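Data block below; observations after.
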């Protein structure tokens, strides 16, 4: 059962990612990315990371993607899709990259797990949320605080960037 | 109940806290231009942070469970970064349009200094990543700060897109490191790994992601566009500060790696170095614009410094930090001269515009000539000894081939560096430069200091080298 | 299900994102491709956390999500300013700077 769900979800994920890359209009790309986000949330559930799945829905699908939709609508991109679709002269490099990725994935998929051990399929128990919170606010306190500095800098930057040129207040 | 975490050692982050306070205060400073309090507040903050450096010197303050290690190497780098910021302030006071010379500009600059301070002192890959992101997000905005300039937005978008991909690559390296060792701490590189097969890939991805900051291939193409499009004071800053921070991180990575990861790392350094020398020097030959020439020369200079990284066993750490010191003086000087010469101009300064500068502004011509000679690597400037020490470490560690390429590259670089000197002293009557400001400005004083230091590092290189190797004692002794 | 399945899927998604970044021409789509890459990294971290090391990996994911959101905010700000200045988002037409 789990195996079937995994293959179904990963097929959807790859299809959605390819759709982002190959759909002409930016707004369709954003919608495909939304599909990818939802599939990713499913994969996180499969990995026993319920909290991550929840945040994936709230932060990514709920906030970041809405921002993208807003900008695409604001700029009226769908009326004149960027032409040409592909950056001139780069498809060769890209197909090489994709081949590398596919090859790498294939190697990983069919490589025999080295001597049983942790690779065989045994899993760690999903940590309780309490444990995550304790980790985040004790051992990794610095990381948490630095994230807040990052958000402050990003907020200042985004305000400076998106203000009209002549407006200083 | 869980124990409360005891290792909240804010003392080791003293300079960063000062800078952060300044950055927040600057958001509330109103007005712009000469009458505004923005520049004085920013300069005071940086000087106070600089004063905190000797306070922490030699203490090796460790905090947050080893995530922050403020050792002498980090402090040396921080001092260099803060000095760079001060010179860029002087350039901003001269070259930024009055209306844009406001609190937000300096606030973002201080945020980037916080990010770099975290990067240089970090003992954990995730902390390095967060420092990098704080630095990157502020710089993306600073590059496009003059939004009315089309070239500025073009530079900003290119810088942002390439920078974000470089962060994603760095993150993939971080994830694979975590998978291989179960930890993201730098010291975990030497510990026995669970999945050692992932370590080489992880090391290469980390270095390539960091390579964006020093403009090393394959993430080097942003440099000329960003330097040309950004306000000249920001270009001055970007051409020096992120490189210093990234090289300190690379030094730590190279010092901590062992086993299969180490070989991959060495391979990546050699590749980036050779590719950078080839791309930078060949492209610099073809430039007519002074700032683009300096951008490609910056790519080449970073490639020379990279030779010292695989050669840590042969005193490479001291050589690299000495080179960084000299690079700061000479490149900062060159960009400050450029800022002085091109202020209140529209369009870029071409090399031919400098014709006859020697007769009209002998002081500035002399300064620019000193910086060009130092960048070439001709004695008695510090540039010669910087190259000499790095090449010596490279030969001793057995990278003769790379050093030979570097020597050839240096010979090639004579053509474009010395062409600037020839144009200034040999030709007459350029039409491009009219009405250079008279009198002593802040920027002029900064250029003077840079000239003196560039020559002084060439006269007393041993002194500076000793100071540099004292800053990285562990790397010098342990490897 | 083993670790290798998830690792392979994550690397494949990362490669698709990277390839998309190289070939596409529209600045907003380039941002979307970067988001795909970051999501792929998150998936890899989650699978390591599940099969090898436990809770820690999930904290990294939260941090990376936050960073991705901050990057998207600044990036979209830059894109808006770019669109105002140039009137286009096609990267091949945004090249005044050369040499």
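The values are calculated or read from the model by the stated rules, or taken from the named source; none is laboratory data. Values in this document were obtained by computation on a predicted structure and should not be read as measured data. All Cβ positions, even for glycine, are placed from backbone atoms using ideal geometry, and neighbour counts span all protein chains on display.
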Query raised in the report: Out of C:45, C:32, C:13, which single residue is surrounded by 24 or more Cβ atoms within 10 Å (Cβ to Cβ), more than 8 Å from chain A (Cβ to nearest Cβ), modelled with pLDDT of 90 or more and under 24 Å from residue A:11 (Cα atoms)?
Result: C:45
Query raised in the report: Where residues in the range A:67-85 are at the interface with chain C (Cβ under 7 Å from one of its Cβ atoms) and at pLDDT below 65, which of them is surrounded by the fewest Cβ atoms within 10 Å (Cβ to Cβ)?
Result: A:84
Report summary line: Of C:23, C:80, C:63, the only residue that is without any contact (Cβ under 8 Å) to a residue 12 or more places away in the chain, in contact with a strand residue (DSSP E or B) (Cβ under 9 Å, 6 or more places away or on another chain) and at the interface with another protein chain (Cβ under 7 Å from one of its Cβ atoms) is C:23
Report task. Return the only residue of B:93, B:85 being assigned to a helix (DSSP H, G or I), surrounded by fewer than 24 Cβ atoms within 10 Å (Cβ to Cβ) and either away from chain A (no Cβ under 14 Å) or modelled with pLDDT of 85 or more (or both). Result -> B:93
Query - Top-ranked residue of the range B:276-308 - restricted to ones that are part of a loop (DSSP other than H, G, I, E, B) and more than 14 Å from chain C (Cβ to nearest Cβ), ranked as surrounded by the fewest Cβ atoms within 10 Å (Cβ to Cβ) - result: B:307
Query raised in the report: How many of the residues making up the range A:20-57 are farther than 16 Å from residue C:44 by Cα, modelled with pLDDT of 90 or more and more than 7 Å from chain C (Cβ to nearest Cβ)?
Result: 7
**Report entry** Tally, over the range B:168-197, of residues that are out of contact with any helix residue (DSSP H, G or I) (no Cβ under 7 Å at 6 or more places or on another chain) and in a loop (DSSP other than H, G, I, E, B)
**Finding:** 2
Query - Criterion violated by residue B:34 - all others in (1) more than 14 Å from residue B:107 (Cβ to Cβ); (2) touching a residue at least 60 places away in the same chain (Cβ under 8 Å); (3) assigned to a helix (DSSP H, G or I) satisfied - result: (3)
Requested in this report: Return the only residue of B:210, B:198, B:186 being in contact (Cβ under 8 Å) with a residue 12 or more places away in the chain, surrounded by fewer than 24 Cβ atoms within 10 Å (Cβ to Cβ) and more than 14 Å from chain C (Cβ to nearest Cβ).
Outcome: B:186
Report task. Report yes if residue A:165 is surrounded by 18 or more Cβ atoms within 10 Å (Cβ to Cβ) and either facing chain C (nearest Cβ under 8 Å) or at pLDDT 75 or above (or both), otherwise no. Result -> no
Query raised in the report: Which of the following residues is closer than 18 Å to residue B:219 by Cβ, facing another protein chain (nearest Cβ under 7 Å) and free of Cβ contacts under 8 Å to residues at least 12 places away in the same chain: B:161, B:171?
Result: B:161
Report task. Taking the options B:215, B:311, name whichever one is on the phi > 0 side of the Ramachandran plot and either without any contact (Cβ under 8 Å) to a residue 12 or more places away in the chain or crowded, with 24+ Cβ neighbours inside 10 Å (or both). Result -> B:215
Query raised in the report: Taking the stated definitions as given, is residue A:64 part of a helix (DSSP H, G or I) and more than 7 Å from chain C (Cβ to nearest Cβ)?
Result: no
Query raised in the report: Quick one: which of A:111, A:105, A:98, A:153 is modelled with pLDDT of 75 or more, within 7 Å of another protein chain (Cβ to nearest Cβ) and in contact with a helix residue (DSSP H, G or I) (Cβ under 8 Å, 6 or more places away or on another chain)?
Result: A:153
